Each structure stands twice: as structure tokens, then as C-alpha cells.
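So the structure is just underneath, and the comments pick up after that.
The values are calculated or read from the model by the stated rules, or taken from the named source; none is laboratory data. Predicted model, so just to flag it, every value in this text is computed and none were measured. Please note: Cβ atoms are built from the backbone with ideal geometry, for glycine as well, and neighbour counts cover all protein chains shown.
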Amino acid sequence: MPQDLVGGRVSVAKIARVHQDHVDRLSQHALRSGDIVFSRRGDVGRFAVITERESGWLCGTGCIRIRLSCPDINIDYIRHFLARKQTSDWLLFNAKGITMPNLNTEIVRAIPIAYPPLNEQKRIAAVLDKADQLRQKRRQAIALLDSLTQSIFLEMFGDLIENDKSFAAGRISDWVEDFETGKNLAPDPDNSDPLSYRVLKVSAVTSGIFKAEEAKALPKSYGAPLNHLIHKGDLLFSRANTAELIGATAMVHTDCERIVLPDKIWRFAWNAKNKPNPLFVHGMFSSSSFRGEISKRATGTSGSMKNISKEKVLNIRIGMPERQLQDDFAKRIEATQRCRLNCENQLNVLEAHFSSLQHRAFSGQL
């Protein structure tokens with residue numbers, strides 16, 4: 001399914017399993033090593049190259065399969081070529097549909113591809129594979145640190161939705177007075193003035209680490225209200241996203257200048273008389289049980305975008321550990337958080353280097 005297409009490869013983290021009877025009945029949809037599978041709708045830039053491991057698996061209805069018939073094309077070269085932002089932008093531009101982009105076989109067949117001789121393709125793919133491995137190692141390190149943080153949280157607090165450690169019962173509204181938000185603002189893609197205001201994209205918080213660079217320039221004439229500005233120490237919440245990403249939170253650890261909230265990201269406004277530790281709340285909102293509760297309460301018929309109201313978040317019933325225990329948790333994970341932030345910064349540098357290398361590879365300069 002589309003959710004299983006990650007970084008040009010198939011992820012089995014959430015993959016569905018089917019009985020052999022279905023495999024036999026739907027054999028015409030069986031995949032072969034070397035096939036390329038695209039997401040049919042929504043995030044049309046998602047794709048994966050099928051390997052021997054996935055040979056014989058089924059192509060879901062939300063995907064389009066293509067099978068190359070060119071013996072002079074290296075599949076690893078094509079994987080890197082299709083992973084370029086230029087390709088995903090081309091697909092998005094040419095996709096059908098107003099409310100949700102859709103692909104069909106004609107559009108996929110029309111993707112423009114340029115390729116050098118086979119030996120050169122293999123060389124380029126090998127160079128990009130080595131650079132990509134460095135990015136993957138940083139991502140794995142970040143995932144392990146996130147897993148450690150969640151392990152510490154579960155050890156100390158258990159499942160706060162089930163309240164299996166019998167803390168005092170309450171609601172999110174006992175700690176959070178409100179969620180502050182911005183407006184739906186139209187960016188100005190032609191504005192390169194560094195002194196202009198910028199509005200956050202939802203991707204600024206979905207990784208769990210605040211990314212100030214994930215923001216778009218606003219018109220030079222825009223004047224931001226003071227209560228829309230982002231500040232160091234803010235805890236931000238994604239109130240609209242895909243089912244698996246809605247409710248993502250991120251702490252603002254750095255000083256920010258002229259960055260404003262959009263309408264799809266909220267800022268926590270704490271109860272002045274009963275303020276929790278923000279790092280603890282970040283850990284709670286990042287726990288699997290809490291994210292599951294957010295997803296259950298979210299509304300929307302579209303498979304690509306869900307929404308949740310303030311009332312539904314504030315009314316979530318939880319166990320409420322005392323502040324001292326929250327502070328103990330924050331102290332335990334501070335070192336982990338610093339290490340994660342360093343890994344994230346290193347990943348950003350690697351991403352920039354990879355993008356530069358990718359550009360040179362496909363412009364004949366590598």
C-alpha cells in the first residue's frame with residue numbers, strides 16, 4: 001500500500017498480511033523484482049523499487065505498478081532518478097484531480113527520463129548508494145534515540161490513556177488552557193528577503209524535532225500579530241495531517257525570528273495554576289497509545305488528511321503524574337534529546353550534501 005513506499009524502498013513496519021488463497025486468486029497483481037510501484041493518489045511522489053525479498057507480493061489498489069522493458073537501464077540508477085525532487089514535482093504537476101492528486105498509467109509512462117550508458121549508470125548509482133547509507137545510519141540513530149525516550153516514558157508512567165499505574169485521573173484540559181493558532185497565509189515564492197516573516201509548514205513538526213527551515217516566505221508587506229510569533233520553549237502540535245502524523249509535537253529549542261504559526265499548527269497554552277513539564281507532555285503526546293487516541297478522535301473522509309478539534313484534544317482522559325515525577329523524566333531524557341538534536345543537525349548536513357551530489361549526478365557533472 002502507499003504507506004509502505006518509503007524512500008524508494010518497501011517498508012514492512014506496518015505492512016498488511018494476506019492469506020495464500022488471496023495471493024493465488026490475485027496472481028495477476030503479483031510483483032517481480034525490478035518492478036516499480038507508485039502511490040496512485042495523495043502523495044504521488046511515493047514509490048518503491050521491488051527487490052527479491054518482495055517478489056510475489058501483491059500490488060495494492062492504491063498503487064500503480066510499472067515494469068521496465070529496457071535492458072540498457074540499471075534499476076538502481078532509476079531508483080535514484082525517480083527519488084529526485086524534480087521527478088516528484090513533475091508528477092504532482094501532471095497529476096489529475098483538484099482536491100487530491102491522482103496518477104494513471106498514461107502519466108507514469110510519460111515521466112521524462114535521461115540516462116547515460118549502462119556502465120555510467122552503475123557508477124552513479126554506486127556513488128549515490130554510499131552517500132545514502134550515511135543518511136540512513138543517521139535516521140536509524142534517531143529512531144533508536146526515540147525508542148529509548150519512549151522506553152523511559154513507559155517505564156516511569158506506563159500507558160496514561162489506560163492509566164495502568166493508577167495516577168490521579170484527569171483530562172488534558174487540567175494542564176492545557178488552550179491551543180493558540182495562526183492563520184491560513186499565502187506564501188510569496190518570489191520573496192527572498194531574509195528579513196521578511198516566514199510561516200511554518202506542517203513538516204516543521206512532523207518528525208518530532210522542530211525544523212525552523214521548514215517555513216515559507218510571506219509577502220514583504222505582511223505584519224505578523226505578536227501572538228502568532230514562534231518563541232524558544234514553545235511546544236507545537238500538528239492538528240491536521242495524515243492519520244499516522246496527526247498530533248505530532250515538537251519543542252522549539254532554538255531562538256526564532258520572524259517565524260509565525262499557520263492555521264494547521266497549534267501552540268500549547270498552559271494552565272498557569274497547574275503547568276506541567278513541557279518535555280513530559282511532549283513525551284506523552286509522542287507515545288503510541290496517545291497518538292492512537294488522537295487518530296481515533298480525528299475526523300475527515302480523506303485518506304490523506306485528518307483534522308482534530310481543540311475540544312476533542314482537551315477532553316482526552318489521562319492519568320496525571322505529579323510534577324516532580326514529570327521533572328525527573330525531563331532530567332533523564334535531556335541528554336538523549338541533546339544527542340538526538342545533534343543527529344538531526346548532522347542529518348540536515350548530509351541531506352544538503354546528498355542533494356548537491358544528486359544534482360551533479362543527473363546533470364553530467366559527477
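Okay, here's what the table says:
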{"item": "Residue check for Ile107: β-branched (Val, Ile, Thr), free of Cβ contacts under 8 Å to residues at least 40 places away in the same chain and in contact with a strand residue (DSSP E or B) (Cβ under 8 Å, 6 or more places away or on another chain)", "result": "yes"}
{"item": "Of all residues in segment 330-366 being among the small types (Gly, Ala, Ser) and under 19 Å from Ser207 (Cα atoms), the one that is modelled with the lowest pLDDT", "result": "Ala335"}
{"item": "Single residue of segment 140-154 satisfying the filter (surrounded by fewer than 16 Cβ atoms within 10 Å (Cβ to Cβ) and within 17 Å of the chain's Cα centre (by Cα)) that is nearest to Ala330 (Cα to Cα)", "result": "Ser147"}
{"item": "Output for segment 226-255, where each listed residue is more than 22 Å from the chain's Cα centre (by Cα) and under 20 Å from Asn184 (Cα atoms)", "result": "Leu226, Asn227, His228, Leu229, His231"}
{"item": "Strands (runs of 3 or more DSSP E) wholly inside segment 120-229 containing at least 3 residues that are touching a residue at least 12 places away in the same chain (Cβ under 8 Å), closer than 15 Å to Leu261 by Cβ and of a type outside the set (Lys, Arg)", "result": "176-181"}
{"item": "Segment 14-43 residues that are under 23 Å from Ser88 (Cα atoms) and assigned to a loop (DSSP other than H, G, I, E, B), paired with ones that are among the aliphatic types (A, V, I, L, M) and at pLDDT 90 or above (beta carbon under 6 Å, 6 or more apart)", "result": "Leu31/Ile50; Ser33/Ile50; Gly34/Ile75; Asp35/Ile50; Arg40/Ile64; Arg40/Leu103"}
{"item": "Residue in segment 81-96 that is surrounded by 16 or more Cβ atoms within 10 Å (Cβ to Cβ), in a helix (DSSP H, G or I) and among the hydroxyl-bearing types (Ser, Thr, Tyr) present", "result": "yes"}
{"item": "Of the criteria (1) closer than 23 Å to Asp129 by Cα; (2) part of a loop (DSSP other than H, G, I, E, B); (3) of a type outside the set (A, V, I, L, M, F, W, C); (4) touching a residue at least 60 places away in the same chain (Cβ under 8 Å), which one Pro71 fails", "result": "(4)"}
{"item": "Tally of residues being in a strand (DSSP E or B) and under 17 Å from Glu311 (Cα atoms) across segment 232-274", "result": "10"}
{"item": "Residue selected from segment 1-13 under the condition modelled with pLDDT of 90 or more, assigned to a loop (DSSP other than H, G, I, E, B) and over 16 Å from Val44 (Cβ atoms), by the criterion nearest to the chain's Cα centre (by Cα)", "result": "Ser11"}
{"item": "Test: residue in segment 114-135 that is surrounded by fewer than 17 Cβ atoms within 10 Å (Cβ to Cβ), within 17 Å of Cys343 (Cα to Cα), at pLDDT 90 or above and not hydrophobic (A, V, I, L, M, F, W, C)", "result": "yes"}
{"item": "Qualifying positions in segment 57-68 - out of contact with any helix residue (DSSP H, G or I) (no Cβ under 7 Å at 6 or more places or on another chain) and either assigned to a helix (DSSP H, G or I) or not hydrophobic (A, V, I, L, M, F, W, C) (or both)", "result": "Gly60, Thr61, Arg65, Arg67"}
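One line per residue, one yes/no per condition, for (1) surrounded by 15 or more Cβ atoms within 10 Å (Cβ to Cβ); (2) assigned to a helix (DSSP H, G or I); (3) touching a residue at least 24 places away in the same chain (Cβ under 8 Å):
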| site | (1), (2), (3) |
| --- | --- |
| Glu311 | no, yes, no |
| Arg332 | yes, yes, yes |
| Arg340 | yes, yes, yes |
| Glu344 | yes, yes, yes |
| Val349 | no, yes, no |
| His353 | no, yes, yes |
| Gln358 | yes, yes, yes |
| Leu366 | no, no, yes |
